[in-house]
1. May I ask what percent, to the nearest 5, of DSSP beta bridges between residues of the chain are antiparallel?
2. Could you tell me how many degrees, from 0 to 90 and to the nearest 10, lie between the Cα long axis of helix 43-53 and the main elongation axis, the longest principal axis, of the Cα atoms of the chain?
3. Work out, step by step, the length gained on full extension between residue 11 and residue 150: first 0.36 nm times the residue separation, then minus their alpha carbon distance; give nm to one decimal.
4. Using packing as a proxy for protection, rank 139-145, 167-173 so that the peptide with the highest average count of other Cβ atoms within 10 Å comes first.
5. Just the Cα atoms of the chain: what Rg and Dmax do they give in Å?
6. Put a dot 7 Å past each Cα toward the Cβ at residue 126 and residue 62; how far apart are the dots in nm?
7. Choose one answer from 183, 108, 175: the residue with the largest mean-square fluctuation in a GNM of the chain with alpha-carbon springs under 10 Å.
8. At 0.36 nm per residue, and after removing the present C-alpha to C-alpha distance, how many nm does the segment from residue 168 to residue 104 gain when stretched out fully?
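No lab work stands behind these numbers, since they all come straight from the coordinates. Keep in mind that what you see is a predicted model, and the values were worked out from it rather than measured. Cβ: placed from backbone, ideal geometry, glycine included. Neighbour counts: every protein chain shown.
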């Protein structure tokens, strides 16, 4: 997704996957990057990410948070944070850490929900009515980040898999309501890609 936008390639560069979870994206970055760093706060997910990448010599996974990255100053060229920052306001400590670790000329990408459109966006608004999309957009824009709206899709092999994910993403009453209303195993999903050059 990031390379297709043509804003920042990662060939030969140092990539940070912030909130890397189980490390799903790390092998893809490792194909072309000089080095890949995964940072994840949850020990169980760190262990899975390390197992996933144990044969990749250019990948290291660290336990840590966005607010206190276990990395040296000016050590990263490209940052990928997919659903690691939510809702803008409140992310200031993590964004200050990006200022510290990203080299001049580097780029950061933050992928987050766009509750203003798509089927999932409507579900999100029902589940989290306190999130103000205008305030979120103002937060990122005021800090020099650029918004690229993207349309993606969830596609599951079974209804049970869809239900499991919906129940993770939404409060229980909303999850059950939307599952009762929505047929099939696919959901259109709008996201915002926020990007900034340092």
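1. Numbers: 18 of 37 bridges.
Around 50 percent antiparallel, to the nearest 5.
2. 70 degrees
3. 47.7 nm
4. Values: 139-145: 15.1, 167-173: 13.0.
Packing proxy ranking, top to bottom: 139-145, 167-173.
5. In Å, with Rg to one decimal and Dmax whole: 17.3, 49.
6. 4.2 nm
7. 183
8. Values: separation 64, 0.36 × 64 = 23.04 nm, distance 3.73 nm.
Extra length available between residue 168 and residue 104 comes to 19.3 nm.
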